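Working notes, structure below.
The values are calculated or read from the model by the stated rules, or taken from the named source; none is laboratory data. Computed from a predicted model, the values in this text were never measured in an experiment. Glycine gets a Cβ as well: all are built from the backbone with ideal geometry, and neighbour counts include every protein chain shown. These area figures cover heavy atoms from the full protein model, side chains too; ligands, DNA and RNA do not enter into them. Shrake-Rupley method; radii C 1.70, N 1.55, O 1.52, S 1.80 Å.
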Amino acid sequence: MLKGKTIILGVTGSIAAYKIAGLASMLVKQHADVHVIMTKNATNFIHPTTFETLTGNKCLVDTFDRDFEFKVNHVSLAKLADIMMIAPASANVIAKLAHGIADDMLTTTALACKAPICISPAMNTNMFTNPVTQDNIALCSKYGMHVIAPAEGYLACGDTGAGKMPEPETLFEYLLKEIACEKDLLGKKIMVTAGPTREAIDPVRYITNHSTGKMGYAIAKRAMLRGAEVTLVSGPVSITPPMFVKVVPVCSAKDMYDAVMGEAMQQDVIIKSAAVADYCPAEIATEKVKKQDKDMAISLVRTPDILGTLGQRRIEVEQERSGAAGETMEHVPYLCGFSMETENMLANSRKKLSNKHIDMVVANNLKQEGAGFGTDTNIVTIITPEEQKELPIMTKEEVADTLLTVIKNQL
Ligand code: C5P
């Protein structure tokens, strides 16, 4: 995901410095060209050789190092960078960054760097909450640096509070968000629904399906990486939602209906990849239903069709626009639904497009190997009123990217 990207990691003197070896390694695995610059203090916590071994690049500490490939080192490296991340950022270095002090290789490079700069403060909680540090952090933000809020917890000094550097995995996600993708969906609001719904029978049992949420979560992540403001309405799943998206957890189809309708009209795009239950028990027993020595039946009623309701609203808005009553300012988002079939996939899916009055149906056949629930791949056909595009087997991330591109071109 980071092929061709140059990343500068600035490491300062904090106990968390050793964790940056993990980050450097993750970035190299994604094919980034990683250059590490350390303050002199940082070399007390981790040796430059560790970073040199991991990145294959010389680790810089001294501004006037003569044994180096770049001409004017700090400027050349700053110019190459797609992003600079200073993590852990000590109170001392933050103070220098806030005031333009450039007295070592790290701070000099930062001052010369026109690429985005992320800083991850890591220090004793009293140092962090000190108004001087807080003012310096605010100044860094004012000058356009992205400040990653420190986590709270037990600190190496024995205190507990804010000041912990987030784990390397989290810092990695920040870097991906900034540079992994072209921001071609910037300014777009995209709502994605994902996962199954759970329809309660009694306090113990429920009706559900095999959806794991992987497809919807992949769409939410790719849309976020491409710059969209993403709301992920998710049924109960066991996977972790992507960072930087607003997650609205729901349980039943009715909950999902309420959550989607509450924010639908502010969206540019709604992608409904959730496997919503079509039926729910007519009544939810307040106490556990006791078994008996005879068969039993549960009476089921239809759940609200969320996508159908949104499509219906589109027809009403179009009628209001063209009718004598005048104009409506209401804006109906682009509507994309998923269709999971086990037979007559294309015919059934095309019917959904017209019956639900939506713009796109993404059809997948549960019986095809590599498609459907739980897998990391999918085989889909993208159906719009104008065309039908059958895609080969792809990872769910690739499917997400392809359908987001088709949608973007139709907005
Ligand atoms: O009609 P069918 O349930 O096959 O349509 C599937 C599509 O409709 C999916 O995008 C699903 O999220 C959506 N859906 C919905 N509300 C329901 C049932 C399905 O929005 N009650």
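Return the residue satisfying two criteria in turn: it lies in the range 1-27 and is of a type in the set (A, V, I, L, M, F, W, C), open to solvent by 10 Å² or more (accessible area, probe 1.4 Å) and assigned by TED's automatic domain parsing to the domain that holds residue 95, and of such residues it is farthest from residue 152 (Cα to Cα). Spell out how you get there, then give the answer.
Step one: of the range 1-27, the residues of a type in the set (A, V, I, L, M, F, W, C) are 1-2, 7-9, 11, 15-17, 20-21, 23-24, 26-27.
Restricting the remaining residues to those that are open to solvent by 10 Å² or more (accessible area, probe 1.4 Å) gives 1, 15-16, 21, 26.
Restricting the remaining residues to those that are assigned by TED's automatic domain parsing to the domain that holds residue 95 gives 15-16, 21, 26.
Working: 15: 15, 16: 14, 21: 22, 26: 24 Å.
So the residue we want is 26.
Determine which member of the set 410, 312, 388 is under 29 Å from residue 281 (Cβ atoms) and touching a residue at least 24 places away in the same chain (Cβ under 8 Å). Write out each step before concluding.
On the way: 410 fails: under 29 Å from residue 281 (Cβ atoms); 388 fails: under 29 Å from residue 281 (Cβ atoms).
That would be 312, the only listed residue that is under 29 Å from residue 281 (Cβ atoms) and touching a residue at least 24 places away in the same chain (Cβ under 8 Å).
Quick check: anything in the range 208-215 touching a Lys or Arg at 6+ places or on another chain (Cβ under 8 Å) and closer than 16 Å to residue 279 by Cβ?
Initial filter on the range 208-215 (touching a Lys or Arg at 6+ places or on another chain (Cβ under 8 Å)): 208, 214-215.
The next check asks that each one be closer than 16 Å to residue 279 by Cβ; those that pass are 208.
Looking through the range 208-215, at least one residue is touching a Lys or Arg at 6+ places or on another chain (Cβ under 8 Å) and closer than 16 Å to residue 279 by Cβ.
Contact list please: Cβ distance under 7 Å, first residue in the range 349-365 and open to solvent by 30 Å² or more (accessible area, probe 1.4 Å) and more than 8 Å from the ligand (Cβ to nearest atom), second residue among the basic types (Lys, Arg) and in a helix (DSSP H, G or I), pairs at least six apart or on different chains.
Qualifying pairs under 7 Å: 357/314.
Out of curiosity, is residue 387 open to solvent by 10 Å² or more (accessible area, probe 1.4 Å) and within 12 Å of the ligand (Cβ to nearest atom)? Outline the logic, then answer.
Numbers: open to solvent by 10 Å² or more (accessible area, probe 1.4 Å): yes; within 12 Å of the ligand (Cβ to nearest atom): no.
The answer is no for residue 387.
Specify which of the listed residues (250, 237, 289) is in the same structural domain as residue 377 (by TED's automatic domain parsing), within 13 Å of the ligand (Cβ to nearest atom) and either within 25 Å of residue 201 (Cβ to Cβ) or modelled with pLDDT under 95 (or both). Lay out the reasoning, then the answer.
Details: 237 fails: within 13 Å of the ligand (Cβ to nearest atom); 289 fails: within 13 Å of the ligand (Cβ to nearest atom).
Answer to the check: 250.
Could you say which residue among 110, 138, 98, 102 is part of a loop (DSSP other than H, G, I, E, B) and either within 26 Å of residue 179 (Cβ to Cβ) or touching a Pro at 6+ places or on another chain (Cβ under 7 Å) (or both)?
Numbers: 110 fails: part of a loop (DSSP other than H, G, I, E, B); 138 fails: part of a loop (DSSP other than H, G, I, E, B); 98 fails: part of a loop (DSSP other than H, G, I, E, B).
After ruling out the rest, the residue left standing is 102.
Would you check which residues across the range 256-279 are open to solvent by 10 Å² or more (accessible area, probe 1.4 Å), away from the ligand (no atom under 12 Å from the Cβ) and outside any loop (DSSP other than H, G, I, E, B) and list them?
If the condition is that a residue be open to solvent by 10 Å² or more (accessible area, probe 1.4 Å), away from the ligand (no atom under 12 Å from the Cβ) and outside any loop (DSSP other than H, G, I, E, B), then 258, 262, 263, 265, 266 are the ones that fit.
Among the candidates 406, 380, single out the residue that is within 23 Å of the chain's Cα centre (by Cα) and surrounded by 19 or more Cβ atoms within 10 Å (Cβ to Cβ).
Working: 406 fails: surrounded by 19 or more Cβ atoms within 10 Å (Cβ to Cβ).
Residue meeting the stated conditions: 380.
Please work out if residue 295 is surrounded by 14 or more Cβ atoms within 10 Å (Cβ to Cβ), of a type in the set (D, E, K, R) and assigned by TED's automatic domain parsing to the domain that holds residue 376. Can you show your working first?
On the way: surrounded by 14 or more Cβ atoms within 10 Å (Cβ to Cβ): no; of a type in the set (D, E, K, R): yes; assigned by TED's automatic domain parsing to the domain that holds residue 376: yes.
No, not satisfied.
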